[in-house]
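Structure, as structure tokens:
The values are calculated or read from the model by the stated rules, or taken from the named source; none is laboratory data. Keep in mind it's a predicted model, so treat the numbers as computed, not measured. Reconstructed Cβ throughout: ideal geometry from the backbone, glycine too, with neighbour counts over all protein chains shown.
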Amino acid sequence: MSHYVRKRRRPVSEINVVPYIDVMLVLLIIFMVTAPLITQGVKVDLPKAEAQPLDEESKPPLVASVDADGQYYLNVGDTQDEAMSAVDLAVLVAEHLKKEPETPVVVRGDGAVPYSEVVELMVLLQRAGAPSVGLMTTPPES
């Protein structure tokens, strides 16, 4: 006769972390999918109260303008071109930024222009490759 000696099993005092890892991976996937959907819009650095002028030592900015009639203009430094279409403006900005990627880009809009046209110009500049777009202002009169 053989006697089996039963060993008493001790309870395991470890936490099973596999379900927690599964939950964390599901949450990670959900956040990775939804994060790009949340970030919409155009990144713009708006002036606080009184805007500081651009440094005179920096490169002259690309100034994209829209007048009261909705015509687009592109000023590179002190030179002003004729009115142009949105496609031509985007092509010129993209070519200039390929040559000099550190050039600041600003938007100058007429006071009578609807806000939506200024935003469309900013989106156009962003698609042309401008890393950030600023708004040109005039200082308040004292």
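Checked against (1) surrounded by 10 or more Cβ atoms within 10 Å (Cβ to Cβ); (2) under 26 Å from the mean Cα position of the chain (by Cα); (3) at pLDDT 85 or above, M24 passes all but a single condition, namely (2). Would you be able to say whether some residue in region 67-85 is at pLDDT 75 or above and in a helix (DSSP H, G or I)? No, region 67-85 contains no residue that is at pLDDT 75 or above and in a helix (DSSP H, G or I). The number of residues in region 105-132 being modelled with pLDDT under 85 and closer than 16 Å to P60 by Cβ comes to 1. Do we have any residue at all in region 37-44 that's at pLDDT 75 or above and closer than 19 Å to S132 by Cα? Within region 37-44, none of the residues are at pLDDT 75 or above and closer than 19 Å to S132 by Cα.
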